[in-house]
Amino acid sequence: MSYLDNVRVFVRVVELGTLSAAGRDQRVTPAVASNRIKELERHLGVRLFNRTTRKLSPTEHGRVFYEKAVKIIEAVNEAEAAIADLSRNPKGSLRITAPLGIGRRLVASGIPEFHDKYPDIEVRVRLSDHNVDILAEGVDVAFKLGVLEDSNLRMRGILNCERVLCASPAYLARRGVPPTADALIADKHDCLLLRYPGSKEYYWTLTTAEGLRKFEVAGPYDSDDGDVLTQWALEDRGIINKPLFEVKSYLREGRLVEILKESPPAPVQLAAIYPHKRFQDPKVRLMIDFMAERCQRLIGKLLADEPAAAAS
């Protein structure tokens, strides 16, 4: 087995906590990952992990080795990236993540085209509406709707996205159209929220005559999948706060109706988030450039009321 492969598996076991997670990340079976750790321990002559039934935690030797091993892996990756840049033939793997909605419509659907252009780049996509710890999980690029909150990361803005509040005609006929933003709370409207550990959507930030205000809205149920919220709204279950491009077709068809146009939600930025050092890698630059152009083009079509197949 390659010593460097053993070190890579070791680093990911420390970061992810289990052999199975590290094995999936490195595309090997848990048995292979375990053998690589054992071979590394034999080579070093020390035990690297304390083993329990559920999780592996590094020993003191393991923690010391991890600090140096991470630098080794980073140095190798940077060396490979430099050669790829000089040869104009980028190779290697890219880990990217995105929220479920834009991930399905805009990001994942473009990966085959990206691979056709750069066949030596292997792309690993993870879609989730949960907050992803980019540094801990070794993500190269995260496409997200939101703001940069970690000073250890960099952001490249792609597009400012207008957001709207909307609900189905049947819901509004049953519950009434809220005349003001305050009525969302006063009249106890069913507001459908995106919620998960670390979620910021326990309130909606709306534009009012006094400026931006936070409204602690509530509803009978919530979800960690944004598309589920849209489906509930289409089924007359409540009000959603969504980027306009995601619901424009439903508004055009009359299946959803925009409300509180005078108090719209604050816009959100579609952006690429990446660790500072990763932008030195040509693979990362190529992916961000490719997806920025693609997202701008497809969202532009959606907002222009043009039929836009996500795979086009």
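The values are calculated or read from the model by the stated rules, or taken from the named source; none is laboratory data. Please read all numbers here as calculations on a predicted model, not as lab measurements. Heads up, the Cβs are rebuilt from the backbone with ideal geometry, glycines too, and the neighbour counts pull from every protein chain shown. When the accessible area is computed, the model is the full protein with side chains, heavy atoms only, and any ligands, DNA or RNA have been set aside. Shrake-Rupley method; radii C 1.70, N 1.55, O 1.52, S 1.80 Å.
Here are the numbers:
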read-out: Residue in the range 103-121 that is nearest to the chain's Cα centre (by Cα), counting only those that are crowded, with 16+ Cβ neighbours inside 10 Å and over 16 Å from Lys91 (Cα atoms); value: Gly103
read-out: Some residue of the range 159-172 being modelled with pLDDT under 95, open to solvent by 20 Å² or more (accessible area, probe 1.4 Å) and out of contact with any Pro (no Cβ under 6 Å at 6 or more places or on another chain); value: yes
read-out: Out of Val139, Val107, sole residue that is β-branched (Val, Ile, Thr), assigned to a loop (DSSP other than H, G, I, E, B) and not assigned by the TED database to the domain that holds Arg252; value: Val139
read-out: Where Ala272 falls short, out of the listed (1) touching a helix residue (DSSP H, G or I) at 6+ places or on another chain (Cβ under 6 Å); (2) within 30 Å of Ile121 (Cα to Cα); (3) assigned to a helix (DSSP H, G or I); value: (3)
read-out: Test: residue in the range 189-204 that is surrounded by fewer than 17 Cβ atoms within 10 Å (Cβ to Cβ) and aliphatic (A, V, I, L, M); value: no
read-out: Breaking point among (1) open to solvent by less than 20 Å² (accessible area, probe 1.4 Å); (2) out of contact with any Pro (no Cβ under 6 Å at 6 or more places or on another chain), for Phe290; value: (1)
read-out: Single residue of the range 205-218 satisfying the filter (open to solvent by less than 40 Å² (accessible area, probe 1.4 Å) and modelled with pLDDT of 90 or more) that is nearest to Arg237 (Cα to Cα); value: Val217
read-out: Residue that is farthest from Trp204 (Cα to Cα), among those in the range 226-249 that are modelled with pLDDT of 95 or more and open to solvent by 40 Å² or more (accessible area, probe 1.4 Å); value: Glu235
